[in-house]
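Read through the structure below, which is laid out as structure tokens, and then see the notes.
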Amino acid sequence: MATHTEQLTRPAVRLRSLTRSFDGRTVLDGIDLDLPAGQFTALLGHSGSGKSTLLRAVAGLDHGVVGRGRLTAPERVSVVFQDSRLLPWRRVLDNVLLGLNGKEAEERGRAALAEVGLKGRERAWPGELSGGEAQRAALARSLVREPELLLADEPFGALDALTRIRMHNLLRELWKRHRPSVLLVTHDVDEAIVLADRVLVLDQGRIGLDLTIDRPHPRSYREPVLGEYRERLLAALGVTEDHQ
Ligand SMILES: Nc1ncnc2c1ncn2[C@@H]1O[C@H](COP(=O)(O)OP(=O)(O)OP(=O)(O)O)[C@@H](O)[C@H]1O
């Protein structure tokens, strides 16, 4: 992983005039965006606004899609999805190590599982894990690859509210320790505000708002000052809050 000084001097992701269309309908409309290395960024937007399309483009998972523009991203990119995508016929540690071999990789896999709170579950089958545990294993699978960029597409979307808060703390903790650049796609305004240092709103194929959240961590949903950010984000999303 890059040193902290290197991280500050070069963007991890650079998009220039990035355009993506499906069936003649433009979903991303000439996006220009730099994500500085080591930054924790969230991407908000309505359903269908193109968040996953943007994330897939950055991940290089959209081969064959009609599009234009220039994109640079680091070499080591990990992606976490809403479902853990663990292979049910492989034990948890083997899922984490998928494609990696050797004693040293195994040690790193065990360490990653310990980091996400799954020490002792190395030989469990994915079917024996709860939803939150499965997402922890998915995070460990990403972590063990030492990503420079971690892309997460609604990673906590299927979890209950309490588990989600614990996963927020875990993700932020892992980010602090390893400092990958993070791009987190979410529907959840509060999740974005509590976790990210920069929140982007995708609207009509463009970045409609680019908001820096300059507040110390850990943050709580209940901090009154975060309410100002919430209102700005909701306004950018075209949602008006009912204050009655
Ligand atoms: N492979 C594809 N083929 C055709 N249309 C697609 C494809 N992928 C995405 N789209 C369309 O592009 C638009 C944006 O989809 P995308 O999944 O990026 O939105 P999203 O903001 O991530 O939505 P959600 O929050 O509901 O997941 C949608 O209208 C979707 O139907």
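The values are calculated or read from the model by the stated rules, or taken from the named source; none is laboratory data. Please read these numbers as outputs of a predicted model, since none were measured by experiment. Neighbour counts are summed over all protein chains in view; Cβ atoms, including those assigned to glycine, are modelled from backbone coordinates with ideal geometry.
Of the residues making up region 28-60, those that are assigned to a loop (DSSP other than H, G, I, E, B) and out of contact with any helix residue (DSSP H, G or I) (no Cβ under 8 Å at 6 or more places or on another chain) are Gln39, His46, Ser47, Gly48, Ser49, Gly50, Gly60.
Among residues of region 62-79 being of a type in the set (Gly, Ala, Ser) and over 22 Å from Gly38 (Cα atoms), the one that is nearest to the ligand (Cβ to nearest atom) is Gly64.
Taken over region 220-240, the residue count meeting the criterion of being surrounded by 18 or more Cβ atoms within 10 Å (Cβ to Cβ) and in a loop (DSSP other than H, G, I, E, B) is 1. Summed over region 206-216, the residues that are out of contact with any helix residue (DSSP H, G or I) (no Cβ under 6 Å at 6 or more places or on another chain) and either on the phi > 0 side of the Ramachandran plot or in a loop (DSSP other than H, G, I, E, B) (or both) give a count of 3. If the condition is being among the hydrophobic types (A, V, I, L, M, F, W, C) and either away from the ligand (no atom under 15 Å from the Cβ) or at pLDDT below 95 (or both), then region 169-188 contributes Leu170, Leu171, Leu174, Trp175, Val182.
Each row is one residue, and each column tells you yes or no for (1) without any contact (Cβ under 8 Å) to a residue 12 or more places away in the chain; (2) aliphatic (A, V, I, L, M).
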{"position": "Glu133", "(1), (2)": "no, no"}
{"position": "Ala138", "(1), (2)": "no, yes"}
{"position": "Leu143", "(1), (2)": "no, yes"}
{"position": "Glu148", "(1), (2)": "no, no"}
{"position": "Ile165", "(1), (2)": "yes, yes"}
{"position": "His168", "(1), (2)": "no, no"}
{"position": "Pro180", "(1), (2)": "no, no"}
{"position": "Gly208", "(1), (2)": "no, no"}
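When region 66-124 is examined, which residues are found to be more than 24 Å from Ala158 (Cα to Cα) and of a type in the set (Val, Ile, Thr)? Correct list: Val66, Thr72. Checked against the criterion of being within 23 Å of Phe40 (Cα to Cα), crowded, with 22+ Cβ neighbours inside 10 Å and assigned by TED's automatic domain parsing to the domain that holds Ala12, region 114-126 contains not a single residue that satisfies it. When region 90-109 is filtered for residues that are touching a residue at least 24 places away in the same chain (Cβ under 8 Å) and over 12 Å from Glu122 (Cβ atoms), the ones remaining, listed by number, are Leu98, Leu100, Ala105, Arg108. Selection of region 43-61 for residues being farther than 18 Å from Ile193 by Cα and either more than 8 Å from the ligand (Cβ to nearest atom) or among the β-branched types (Val, Ile, Thr) (or both) yields Thr53, Ala57, Val58, Ala59, Gly60, Leu61.
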